[in-house]
Amino acid sequence: MVEIKTPEQIAKMREAGLVVAAIHAATAQAAVPGATTRDLDQVARKVLAEHGAKPNFLGYGGFPATICTSVNDVVVHGIPDDETVLKDGDIISVDAGAIVEGWHGDAAYTAFVGSGHSPELVELSRVTEESMWAGIAAMRGGNRLVDVSRAIESYIRRQPKPGGGKYGIIEDYGGHGIGTAMHMDPHLLNYVSRGRGKGPRLVPGFCLAIEPMVSLGTPKTEVMPDEWTVVTLDRTWSSHWEHSIALTEEGPLVLTAVDGGRAKLAELGVTAAPDPLS
Ligand code: MG
């Protein structure tokens, strides 16, 4: 069952989405060499408190922190701690969420710590982010869920990888419905899987978190003994980008982007829905 939202409910989700955007801005500024991942977690907690919003990651299945901080070969679900000190040349994916009046927002970005990153890493993050936007642009009435998966996958497959070889589209994790809970039906694969069907039709009120995860090598992952930290099986580095999006009568609204996705979607020939809060 897919939860379909009213315009009023989408406005509440937009409030939650803007809190997530504020966490992104604050943590990105704090992701500098010498900072610990715990420092970023504390920044996120502060932003949530300032907005009177609640964390959705903290306590989720026993998760012990406010955000996920996934450094280098960690794909997702890295736990902030005092031991992980960010170094010049690292990449970090920060996944953050917020609840406002029972409505959830969820989004992630990859940042470069310090400077001097190889063109391969710069391109990895760019391809991952752009594949997310390709998926967002496919969120239109008449399409089905598989069209979003296809848009993400085909974008990644079209990109030449510096140094040769193929990108790994992480297989075991994907996007999801979002609304009164963080993870809801349907599950969104970041690739087309034969035999899995086309998935539900995208209609106004359909809300989705689109989150491609891409590695420089394998699509396979393993979970570390802490039962959270997901790393690539071959320990190649990976990127993760995510936005929460509502499909409205007037097109997609990127709930967790400050401008609602307007600028980026315009580049892709898609008109973003007007912001219900402005
Ligand atoms: Mg998510």
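The values are calculated or read from the model by the stated rules, or taken from the named source; none is laboratory data. Source: prediction; values computed, not measured. FYI the Cβ positions are ideal-geometry reconstructions off the backbone, even for glycines, and counts take in every protein chain you see.
Results, tabulated for the structure shown:
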read-out	value
Pairs with Cβ under 7 Å, 6+ apart, first in the stretch 200-211 and under 16 Å from LEU189 (Cα atoms) and in contact (Cβ under 8 Å) with a residue 40 or more places away in the chain, second charged (D, E, K, R) and within 16 Å of the ligand (Cβ to nearest atom)	ALA209/ASP106; ALA209/GLU242; ILE210/GLU242; GLU211/GLU242
Selection count where residues are within 19 Å of HIS104 (Cα to Cα) and either surrounded by fewer than 14 Cβ atoms within 10 Å (Cβ to Cβ) or without any contact (Cβ under 8 Å) to a residue 60 or more places away in the chain (or both), scope the stretch 239-253	0
Unique match (being buried (at least 22 other Cβ atoms within 10 Å of the Cβ) and modelled with pLDDT of 95 or more) among THR236, THR229, THR256	THR256
Total residues in the stretch 259-274, condition surrounded by fewer than 18 Cβ atoms within 10 Å (Cβ to Cβ) and part of a loop (DSSP other than H, G, I, E, B)	5
Pair list, Cβ < 6 Å and 6+ apart or interchain, from the stretch 12-29 residues that are more than 15 Å from GLN42 (Cα to Cα) to residues that are of a type in the set (D, E, K, R) and surrounded by fewer than 18 Cβ atoms within 10 Å (Cβ to Cβ)	LYS12/GLU101
Candidate set from the stretch 203-218 (those that are in contact with a helix residue (DSSP H, G or I) (Cβ under 6 Å, 6 or more places away or on another chain) and assigned to a strand (DSSP E or B)); member that is surrounded by the most Cβ atoms within 10 Å (Cβ to Cβ)	ILE210
Identity of the residue in the stretch 85-132, within 16 Å of the ligand (Cβ to nearest atom) and outside any strand (DSSP E or B), that ends up surrounded by the fewest Cβ atoms within 10 Å (Cβ to Cβ)	GLU129
Criterion: part of a strand (DSSP E or B), closer than 23 Å to ALA273 by Cβ and either away from the ligand (no atom under 16 Å from the Cβ) or polar (S, T, N, Q) (or both) - qualifying residue of SER244, SER149, SER239	SER244
Subset of the stretch 178-222 that is modelled with pLDDT under 95 and of a type in the set (Lys, Arg) - its residue that is farthest from the ligand (Cβ to nearest atom)	ARG194
Test result for PRO200, in contact with a helix residue (DSSP H, G or I) (Cβ under 8 Å, 6 or more places away or on another chain) and buried (at least 22 other Cβ atoms within 10 Å of the Cβ)	no
